[in-house]
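Below is one structure, written out as structure tokens; the observations come after it.
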There are 2 protein chains.
Amino acid sequence: MTDINSGFNPLFLREEDIRQGIELLYFAYRDFTAEPDAILSEYGFGRAHHRVIYFVGRNPGINVSELLAILKITKQSLSRVLGQLVRESFIEQREGTRDRRQRLLELTKKGVELERRLSESQRQRFADAYRDAGAESVQGFRDVLTNMISKEDRDRVLGPRKIG
Amino acid sequence: MTDINSGFNPLFLREEDIRQGIELLYFAYRDFTAEPDAILSEYGFGRAHHRVIYFVGRNPGINVSELLAILKITKQSLSRVLGQLVRESFIEQREGTRDRRQRLLELTKKGVELERRLSESQRQRFADAYRDAGAESVQGFRDVLTNMISKEDRDRVLGPRKIG
DNA sequence: AATTTATGTCAGTCATATTGACATATATGC
DNA sequence: GCATATATGTCAATATGACTGACATAAATT
């Protein structure tokens with residue numbers, strides 16, 4: 001096995017490809033979240049708050065059930081985080097019109113500002129990667145990641161959602 | 001702003017690209033870790049154990065400091081997880097030869113088996129995504145993710161490491 | 001009127017991370 | 001050889017974000 005990189009052993013190469021893919025995903029995800037995490041800590045928030053702010057911003061008027069379905073966490077877990085965001089006026093709730101039991105969520109002006117600030121750092125990182133890798137690479141990036149996502153979640157990323 | 005998808009507003013489209021990238025990364029990472037997480041819970045382990053097993057497997061003979069540098073966690077955090085893995089014979093330690101203070105880590109047979117089992121589920125997911133997206137896409141995937149990783153970590157993923 | 005649904009809340013637990021302080025053994029520089 | 005730096009370990013306290021289980025309320029549905 002001295003010919004590791006010469007293509008004699010495709011099975012080994014495949015294994016190496018996988019390992020590289022795993023590491024790329026691990027490090028990219030970690031670095032991608034590092035800066036938002038730092039911003040959030042200024043507010044005493046964590047990554048969970050970011051996710052709530054993100055998906056409420058992305059789906060204005062979303063109700064609690066649908067938010068839980070996207071995040072795949074329990075209502076007890078969401079409760080504390082969402083409660084904080086509402087109390088500190090990053091998110092506001094209104095009663096559902098068709099169903100008055102629902103709480104429809106949306107970002108306040110303050111919430112929109114924080115969301116912008118958080119995505120800006122990610123936008124920058126993405127834009128840099130986009131520029132350095134080129135448009136074709138970006139399409140490949142999308143295709144591979146999309147295929148890695150379970151069907152259920154895939155619709156969420158790709159499909160034009162109508163919520164609320 | 002009725003022409004959202006017609007290309008009149010490149011700034012908006014760029015914004016949409018970013019959002020899609022963010023979501024792809026979020027969902028892909030979550031789904032990618034879901035199956036290993038389930039396997040780990042059989043052993044009473046969590047994702048932290050996976051990371052330790054993974055990087056020790058990838059770098060046999062790694063010492064504690066270098067492992068800490070890769071994981072970017074505190075030694076107190078590592079301690080509990082690594083301690084468990086050592087006590088339960090997934091990882092063994094030997095004294096450094098050049099420096100007897102060092103604990104050089106490697107997987108036991110049992111550890112290698114668990115590592116295999118964990119990566120197998122990820123290998124499968126990656127292989128499926130690879131097949132569906134095609135070889136060119138995989139290269140794009142790699143390029144974009146690589147550019148998203150901070151320089152420091154980039155060497156870790158790409159460079160041939162010699163540790164121990 | 002009975003049941004289901006949307007949401008909330010109380011209480012306890014767990015995993016993973018943190019900071020700070022201190023301990024020990026070994027290596028290294030003067 | 002002594003002083004200092006390094007590699008590692010450990011005790012203690014704390015925070016975040018997740019979990020399960022049980023119970024409560026209001027509104028919608030059948």
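The values are calculated or read from the model by the stated rules, or taken from the named source; none is laboratory data. Note that the coordinates shown come from a computational prediction; the quantities given were computed from them, not determined experimentally. Cβ placement follows ideal geometry from the backbone for every residue including glycine, while neighbour counts extend to all protein chains displayed.
Here is how the numbers come out for the structure above:
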read-out: Candidate set from the range B:36-54 (those that are aromatic (F, W, Y) and either touching a strand residue (DSSP E or B) at 6+ places or on another chain (Cβ under 6 Å) or touching a residue at least 60 places away in the same chain (Cβ under 8 Å) (or both)); member that is nearest to B:R101 (Cα to Cα); value: B:Y54
read-out: Filter pass, B:A69 being within 11 Å of chain A (Cβ to nearest Cβ) and among the hydrophobic types (A, V, I, L, M, F, W, C); value: no
read-out: Boolean, B:S137 is away from DNA strand C (no atom under 14 Å from the Cβ) and modelled with pLDDT under 95; value: yes
read-out: Residues being touching a Phe, Trp or Tyr at 6+ places or on another chain (Cβ under 9 Å) and of a type in the set (K, R) - total across the range B:105-164; value: 5
read-out: Filter result for B:D37 (within 13 Å of DNA strand C (Cβ to nearest atom), touching a Lys or Arg at 6+ places or on another chain (Cβ under 9 Å), closer than 30 Å to A:R154 by Cβ and within 14 Å of chain A (Cβ to nearest Cβ)); value: yes
read-out: The range A:42-54, residues that are assigned to a helix (DSSP H, G or I), more than 14 Å from A:E92 (Cα to Cα) and within 13 Å of DNA strand C (Cβ to nearest atom); value: A:R47, A:A48
read-out: Test: residue in the range A:124-135 that is of a type in the set (S, T, N, Q) and more than 30 Å from B:T146 (Cα to Cα); value: no
read-out: From the options A:S137, A:S150, residue that is of a type in the set (S, T, N, Q), surrounded by fewer than 19 Cβ atoms within 10 Å (Cβ to Cβ) and within 7 Å of chain B (Cβ to nearest Cβ); value: A:S150
read-out: Any hit, the range A:79-86, residues being surrounded by 15 or more Cβ atoms within 10 Å (Cβ to Cβ) and more than 12 Å from DNA strand C (Cβ to nearest atom); value: no
read-out: Which listed residue, of A:E115, A:E92, is away from chain B (no Cβ under 14 Å) and either under 18 Å from the mean Cα position of the chain (by Cα) or of a type outside the set (A, V, I, L, M) (or both); value: A:E92
read-out: A:G61 vs. criteria more than 23 Å from B:Y29 (Cβ to Cβ) and either surrounded by fewer than 18 Cβ atoms within 10 Å (Cβ to Cβ) or in contact with a strand residue (DSSP E or B) (Cβ under 9 Å, 6 or more places away or on another chain) (or both); value: yes
read-out: Matching helices (runs of 4 or more DSSP H) fully within the range A:55-164 where at least 3 residues are within 17 Å of A:P36 (Cβ to Cβ), more than 16 Å from DNA strand D (Cβ to nearest atom) and in contact (Cβ under 8 Å) with a residue 40 or more places away in the chain; value: A:109-133
